[in-house]
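Single-structure report; data block below.
The values are calculated or read from the model by the stated rules, or taken from the named source; none is laboratory data. All values reported here derive from a predicted model rather than from experimental measurement. In this analysis, Cβ positions are derived from the backbone assuming ideal geometry, glycine residues included, and neighbour counts consider all displayed protein chains. Quick note on the areas: whole protein, heavy atoms, side chains included, nothing else; ligands and nucleic acids left out. Shrake-Rupley method; radii C 1.70, N 1.55, O 1.52, S 1.80 Å.
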Amino acid sequence: MRCNYEAAWALTNIASGPSNAVDALVRHGALPGFVRLLGSPNEDVRDEAVWGLGNIAGGSPLNRDQVLACGALPPLLGLFSSTTKLSLMRHATWALSTFVRGKPSPPAHIALASLAHHEDTQVQTDALWALTYLADGEDARIQAVLDTGVLPRVVQLLSHSSLQVQTPALRCVGNIASGANAQAQALLDLSALPPLHAMLAHPKKSIQKEVCWTLSNITAGTPSQIQAVLEAEGLIPALVELSSTADLEVRTEAMWALSNPLEDATPEQVAHLVQQDCLRGFGTALAASEPRVVLCALEGVGHVLDKGAELAKLNVALAPNAFHGYLNQLQLAEKITALTEHPHAEVQNKAREVVQLHLGA
């Protein structure tokens, strides 16, 4: 048994080294040996085997596929029900996260949903990252995660005291929000908006950016989903503030969260957004140096004016556009007109389109 441990320890150290060393291990048949050691009666030996397989699987997509082809998944999953040793549980969860980081996904969803309920922060963290990998991509991948019933736990962990746990929980929620409208609705049904709103105030800019991205996927949904965001107390003002004052990356994502609903929202919903000062962030963005940011702002203003024209048709007192007054307050018409001479052709064309359609030139 001691020889097994020493051999596994030595090979695991090699597996944590450069890629050429890991490739050599695989070529010389280390994988079947590691897999056999997962069934060792000695927990220390099993622990070393877990480390070795996790290091190899995490090295490259090809190595990960070879680990799975050697049959490592079933005995690894079996460890979770056969050990009470916390360090082994942590290492096995981490190793499992390397097994599922790739496509196609191995059948580890149920185990990971259970591990997300573990009381240990490190186990929770690696289980959440693994669920994030599984939910990354097409709607079918997202649905496979939802079908485990783990989403309430993921939403709960958005409010965890540790950023180490919050970060993968947020990424998992963001991946789910990027799916079909019914999948994003599952988040709303679980009251995910309040914890997301709270995370907008996080001092870490990457968290703010990720929350804004998640919300932008929700606001790109149905009118009822847009309404849920509008009715979430303080959420729109928080996005408006970030769209106007945050650093560029956060500001851009906040702008998308405000711009995405404008095309499919009802005129009344757009009026609510305008009254909440959503145009302020667009006005700031019109002066940005990055064409993609300016284009986002022009798209947003264009959609606002489209809905303003619809409202004016219903009430002649608002003619020619219900929102011209807001544009004038922020001097947006002048800024957009100036952009018709922008050096970037796409910006120039979009600005001219908005002017021709809505600004009387």
Which ones in segment 104-144 are more than 18 Å from the chain's Cα centre (by Cα) and charged (D, E, K, R)?
Glu119, Asp120
Residues within segment 32-49 that are touching a residue at least 40 places away in the same chain (Cβ under 8 Å) and assigned to a helix (DSSP H, G or I), tallied
7
Does any residue of segment 83-94 turn out to be touching a Lys or Arg at 6+ places or on another chain (Cβ under 8 Å) and among the aromatic types (Phe, Trp, Tyr)?
no
Would you point out which residue out of Val22, Val67 is modelled with pLDDT of 90 or more, part of a helix (DSSP H, G or I) and open to solvent by less than 40 Å² (accessible area, probe 1.4 Å)?
Val67
Scan segment 70-81 for residues that are open to solvent by 20 Å² or more (accessible area, probe 1.4 Å), part of a helix (DSSP H, G or I) and over 19 Å from Gln122 (Cα atoms) and jot them down.
Pro74, Pro75, Gly78
Taking the residues in segment 254-275 that are among the polar types (S, T, N, Q) and either closer than 12 Å to Val304 by Cβ or within 23 Å of the chain's Cα centre (by Cα) (or both) as candidates, determine which candidate is surrounded by the most Cβ atoms within 10 Å (Cβ to Cβ).
Ser259
In the set Thr214, Thr252, Thr219, the lone residue that is out of contact with any strand residue (DSSP E or B) (no Cβ under 6 Å at 6 or more places or on another chain), of a type outside the set (A, V, I, L, M) and at pLDDT below 95 is Thr252
Taking the condition of being surrounded by 19 or more Cβ atoms within 10 Å (Cβ to Cβ) and of a type in the set (A, V, I, L, M, F, W, C), how many residues in segment 334-358 meet it?
5
So, Gly52, is that one touching a residue at least 40 places away in the same chain (Cβ under 8 Å) and not in a helix (DSSP H, G or I) or not?
no
Could you check segment 117-190 for helices (runs of 4 or more DSSP H) lying wholly inside it with 1 or more residues that are under 24 Å from Ala228 (Cα atoms) and open to solvent by 50 Å² or more (accessible area, probe 1.4 Å)?
139-146, 151-157, 163-177, 181-189
Taking only segment 82-109 into account, find how many residues are within 20 Å of Leu38 (Cα to Cα) and open to solvent by 30 Å² or more (accessible area, probe 1.4 Å).
9
Thr93 - would you say it is touching a Gly at 6+ places or on another chain (Cβ under 8 Å), in a helix (DSSP H, G or I) and over 23 Å from Pro195 (Cβ atoms)?
no
I need the full set of residues from segment 276-300 which are part of a helix (DSSP H, G or I) and open to solvent by 60 Å² or more (accessible area, probe 1.4 Å), in order please.
Arg280, Arg292, Glu299
